[in-house]
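Every number in this text was worked out from the coordinates using simple rules, so none of it is lab data. What you see is a predicted model, and the numbers here were worked out from it, not measured in a lab. Glycine also receives a Cβ, built like all others from the backbone with ideal geometry; neighbour counts cover every protein chain displayed.
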Amino acid sequence: MKKFIILYNGPATPPEQMTPELMQKIMGDWKTWMEKVGSDMLDMGQPMAPGQAIVDDGSEKPALELSGYSIIQAESMDKAVELVQDHPFLSDKTGKFSVEVFELMPVPSM
């Protein structure tokens with residue numbers, strides 16, 4: 001099995017700005033998705049606060065609007081993408097949110 005990192009792109013809503021009902025719905029939707037992924041979920045991940053970009057030429061640029069990550073395993077990129085098609089992070093349908101999937105490559109021996 002191959003490992004894949006899922007990056008969640010989009011504005012994060014701070015928990016203190018959510019109603020208890022909304023927080024409960026979001027957590028329930030994530031739990032349902034994680035149960036679907038099952039043992040292929042290697043690391044549920046964590047939310048991320050806004051970041052800062054560091055550029056090799058000393059210039060400045062805005063950091064990507066990443067709001068979290070997860071790590072899963074799947075037989076192929078196609079299977080990994082299939083697992084995230086109905087991810088709750090994509091339920092807003094406004095175009096503000098996206099999920100990116102990257103295969104984690106093994107580090108060559110040194």
Estimated FRET transfer efficiency when R0 is 30 angstrom, pair Thr94-Lys25 (beta carbons, to 0.05): 0.95
Most mobile of Gln17, Gln46, Gln73 in a GNM of the chain (Cα contacts under 10 Å): Gln17
With N set to the residue count of the chain, report its C-alpha Rg divided by 2.2 N^0.38 Å to two decimal places. 1.20
Of Met44, Met105, how do they rank once you tally other Cβ atoms within 10 Å and put the fewest first? Met105, Met44
When the C-alpha atoms of the range 46-110 are aligned to their principal axes, what extent does each axis show, in angstrom, from largest down? 43, 39, 19
Considering amide H positions built from the backbone, and no H for Pro or chain starts, which residues 5 or more places from Leu42, or on another chain, come under 5 Å of its amide H? Ile71, Ile72, Gln73
Could you give each residue of the range 91-106 its phi-based ³J(HN,Hα) in whole Hz, using Karplus coefficients 6.51, -1.76, 1.60 with θ = phi - 60°, and x for Gly or Pro? 7, 5, 6, 10, x, 7, 10, 8, 10, 10, 10, 10, 6, 8, 8, x
Give me Tyr8, Tyr69 ranked fewest to most by other Cβ atoms within 10 Å of their Cβ, as a rough exposure proxy. Tyr69, Tyr8
For the range 66-82, Karplus-derived ³J(HN,Hα) couplings (6.51, -1.76, 1.60; θ = phi - 60°; whole Hz; x for glycine and proline) come out as 7, 10, x, 8, 9, 10, 10, 10, 7, 6, 7, 4, 4, 5, 5, 5, 4
From the phi angles alone, apply the Karplus equation (6.51, -1.76, 1.60; θ = phi - 60°) to the range 24-29 and give each ³J(HN,Hα) in whole Hz, x where the residue is Gly or Pro. 5, 5, 4, 5, x, 5
Whole-Å distance, taken between Cα centres, linking the range 66-110 and the range 1-53: 11
Which order results if Glu65, Glu100 are arranged by neighbouring Cβ count within 10 Å, fewest first? Glu100, Glu65
Relative contact order, percent, the chain [alpha-carbon distance under 8 Å, six or more residues apart]: 46
With springs only between Cα atoms under 10 Å, which of Gly58, Gly38, Gly68 fluctuates most in a Gaussian network model of the chain? Gly58
